[in-house]
Amino acid sequence: MASFPSLLESIDDLNFTQIDVLLSRALHFKDNPQLSPFNTTPKPIIATSFLENSTRTKHSFAVAIRRLGGLYLDFNAETSSLKKGESLEETFLTLFHQGVNLCVFRSSVSHQLAQFKENPPIKLVNGGDGVNEHPTQALLDLYTLSTLTDDLKGKTISIIGDNIHSRVAHSLMKLLPQFGMKIILSGPPEYLPETSSLPKGVELLTDRDETVKRSDFIYLLRIQKERHIGNSNTDNYLETNGVSLDLLKKLKKLIPVLHPGPANIGVELDQSLIKSSLYKGYLQVENSIPMRMAIIEAMLLNNDQNIGKVNGEKF
Ligand code: ASP
């Protein structure tokens with residue numbers, strides 16, 4: 001198995017071969033859901049520490065850990081010594097010395113894990129950091145897309161909505177072009193990045209109908225109100241920028257619609273679309289388990305001996 005990093009902060013931390021290994025291990029776990037590769041003694045202990053709300057990511061990691069035969073620890077950062085001023089590094093080192101092998105961490109602060117790139121105090125997975133990245137979501141989306149088509153190469157996926165505040169969009173932009181996919185970022189201009197900052201294979205389009213017509217897949221994003229300064233007006237958003245089943249019928253584009261969740265019905269999509277078979281949000285949730293099993297397995301098996309080593313003077 002390709003050697004994996006001990007800190008998965010960004011899609012940039014993985015090379016193509018490693019991503020390919022994750023895809024095939026995810027497929028393997030999907031076909032063999034009862035498999036428990038960690039029937040070793042002692043069992044690995046894997047913690048989640050979420051400083052921001054989550055329904056899907058945290059619970060999918062919890063299920064993935066148990067399916068792998070690991071022990072799950074829900075580390076409650078809100079009631080921990082982080083609130084007494086302890087640094088993140090000391091907190092992670094404490095978890096490490098308690099025998100925790102890996103921690104999945106979510107924070108509303110972008111790039112909070114970057115400080116541990118050189119010397120991770122514990123194996124770490126970014127479960128979403130501010131507006132920066134959400135690499136495991138993008139990986140499970142790639143896996144889901146690969147189950148929906150024979151060939152990703154040359155296919156266009158349109159990410160429609162609040163792109164600028166979406167960490168999922170930021171990870172997808174780095175990941176999907178590696179597999180030959182073209183990306184259209186679409187939405188009202190205030191939700192789109194500068195053209196100059198776009199990676200290769202990514203373009204902007206503000207016309208929603210034109211976007212849908214050019215798409216093979218649609219990826220909807222919620223308006224990330226918690227990251228906006230001031231109030232965001234969502235009146236008429238569905239009519240002008242959202243996607244309904246009627247719109248897809250009118251444009252004759254009955255194509256798969258993905259969504260990382262949580263979905264706001266009546267804003268970025270309508271009730272008929274979310275209840276239709278075009279909607280793949282539940283499939284993404286299902287696929288999140290085998291992909292996160294693959295990620296945890298790869299990182300636990302990477303044989304990194306430097307984890308938890310304190311850099312400092314020795315006496
Ligand atoms: N669940 C995703 C995230 O944590 C998407 C969202 O919240 O809109 O970024």
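What follows is calculated from the coordinates using simple rules that are stated; it is not laboratory data. No experiment lies behind these values; they were computed from the predicted model shown. In this analysis, Cβ positions are derived from the backbone assuming ideal geometry, glycine residues included, and neighbour counts consider all displayed protein chains.
Show me, for segment 300-315, the HN-Hα J-couplings you get by feeding each phi into the Karplus relation (A = 6.51, B = -1.76, C = 1.60, θ = phi - 60°), rounded to Hz, glycine and proline as x.
Ordered by residue, 3J(HN,Hα) equals 5, 8, 6, 6, 6, 8, 8, 4, x, 6, 8, 8, x, 5, 10, 10 Hz.
Please list 3J(HN,Hα) in residue order for segment 137-143, calculated via the Karplus relation 6.51 cos²θ - 1.76 cosθ + 1.60 where θ = phi - 60°; whole Hz, with x for glycine and proline.
5, 4, 5, 6, 5, 4, 4
Counting only C-alpha contacts under 8 Å and six or more residues apart, can you give the relative contact order of segment 17-100 as a whole percent?
Values: 63 pairs, mean separation 25.5, N = 84.
It comes to 30 percent, rounded to a whole number.
How about segment 196-240: which trypsin sites (Lys or Arg not before Pro) there are in a DSSP loop, with at most 12 other Cβ atoms within 10 Å of their Cβ?
Numbers: sites: K200, R208, K213, R214, R222, K225, R227; in loops: K200, R214, R222.
In loop regions of segment 196-240 (DSSP not H, G, I, E or B), the sparsely surrounded trypsin sites (Lys or Arg not before Pro) are K200.
Near the amide H of T156, under 5 Å away, which other amide H atoms are found, from residues 5 or more places off or on another chain, if H is placed in the peptide plane?
K182, D216, F217
Work out which GluC sites (Glu not before Pro) in the chain are exposed loop sites (DSSP not H, G, I, E or B, at most 14 other Cβ within 10 Å) and give the longest gap free of them.
195-312
What nm distance separates the two modelled labels at H111 and E90, each placed 7 Å from Cα along Cα→Cβ?
In this crude spin-label approximation the distance works out to 2.5 nm.
Springs between alpha-carbon atoms under 10 Å, Gaussian network over the chain: tell me which of G127, G70, G85 tops the mean-square fluctuations.
Among G127, G70, G85, the largest GNM mean-square fluctuation belongs to G85.
Report for the chain the percent antiparallel among DSSP-assigned beta bridges with both residues inside it, nearest 5. Mind dumping the intermediate values first?
Values: 1 of 36 bridges.
Close to 5 percent.
5 Å is the cut-off here: which amide hydrogens, built 1.01 Å from N in the peptide plane, fall below it relative to K117, excluding neighbours closer than 5 in sequence?
none
Given axes a ≥ b ≥ c from the Cα gyration tensor, I'd like to know whether segment 1-124 is rounded (a/c under 1.5), prolate (a/b larger than b/c) or oblate.
Note, shape of segment 1-124 comes out prolate.
Please report the antiparallel percentage of DSSP beta bridges with both residues in segment 72-208, rounded to the nearest 5.
If I count the DSSP bridges inside segment 72-208, around 5 percent turn out antiparallel.
Tell me what the chain gives for mean residue ellipticity at 222 nm when only DSSP H runs of n ≥ 4 count, each as -39,500 (n - 2.57), the sum divided by the residue total, rounded to 500 deg cm²/dmol.
-9500 deg cm²/dmol
Each residue of segment 186-202 in order: what ³J(HN,Hα) in whole Hz does its phi give by Karplus 6.51 cos²θ - 1.76 cosθ + 1.60, θ = phi - 60°, with x for Gly and Pro?
Going residue by residue, I get 9, x, x, x, 6, 9, 10, x, 5, 4, 5, 8, 7, x, 4, x, 10 Hz, with x marking Gly and Pro.
Restricting attention to segment 248-293, which trypsin sites (Lys or Arg not before Pro) occupy a DSSP loop and are surrounded by at most 11 other Cβ atoms within 10 Å?
Here the trypsin sites (Lys or Arg not before Pro) that fit, given the DSSP loop and packing criteria, are K252, K275.
Taking the Cβ of each residue in I295, I11, I255 as the centre, tally the other Cβ atoms inside 10 Å and list the residues starting with the fewest.
With the sparsest Cβ surroundings first, the list reads I255, I11, I295.
Using Cβ counts within 10 Å as a stand-in for footprinting exposure, how do Y237, Y282 rank, fewest first? Let's see the in-between values first.
Numbers: Y237 18, Y282 11.
Placing the least packed residue first, the sequence is Y282, Y237.
Kindly state, to the nearest 0.05, the FRET efficiency for L283 paired with I229, given R0 = 45 Å and r defined as their beta-carbon distance.
Once rounded, the FRET efficiency stands at 0.85.
Might you report the magnitude of the Cβ-based charge dipole of segment 9-152 about its Cα centre, with Lys and Arg at +1 and Asp and Glu at -1, to the nearest 20 debye?
On the way: 12 positive and 17 negative charges, 136 e Å.
Computed about the Cα centre, the dipole is about 660 debye.
List the residues, sorted by chain then number, that are 5 or more residues from L73 or on another chain and whose placed amide H is less than 5 Å from its amide H.
When sequence neighbours closer than 5 places are left aside, the close amide H contacts are I46, A47, T48.
For Cα pairs less than 8 Å apart in space and 6+ apart in sequence, what is the mean separation divided by the residue count of the chain, i.e. the relative contact order in percent?
About 22 percent, as a whole number.
Using Cβ counts within 10 Å as a stand-in for footprinting exposure, how do F16, F315, F50 rank, fewest first?
F315, F16, F50
Using every pair of alpha-carbon atoms in segment 78-128, split the distances into 10 Å bins beginning at 0 and state the percent of pairs per bin, rounded to integers.
Whole-percent P(r) values from 0 Å outward: 24, 61, 15.
Dipole size in debye (nearest 20) for the chain around its Cα centre, Lys and Arg Cβ +1, Asp and Glu Cβ -1?
680 debye
If segment 77-204 were replaced by its equivalent ellipsoid, with semi-axes equal to the square roots of 5 times the Cα gyration tensor eigenvalues, what would those be, largest first, whole Å?
Semi-axes (√(5λ), whole Å): 33, 17, 11.
Based on alpha-carbon centroids, what's the gap between segment 217-275 and segment 30-59 in Å, whole number please?
31 Å
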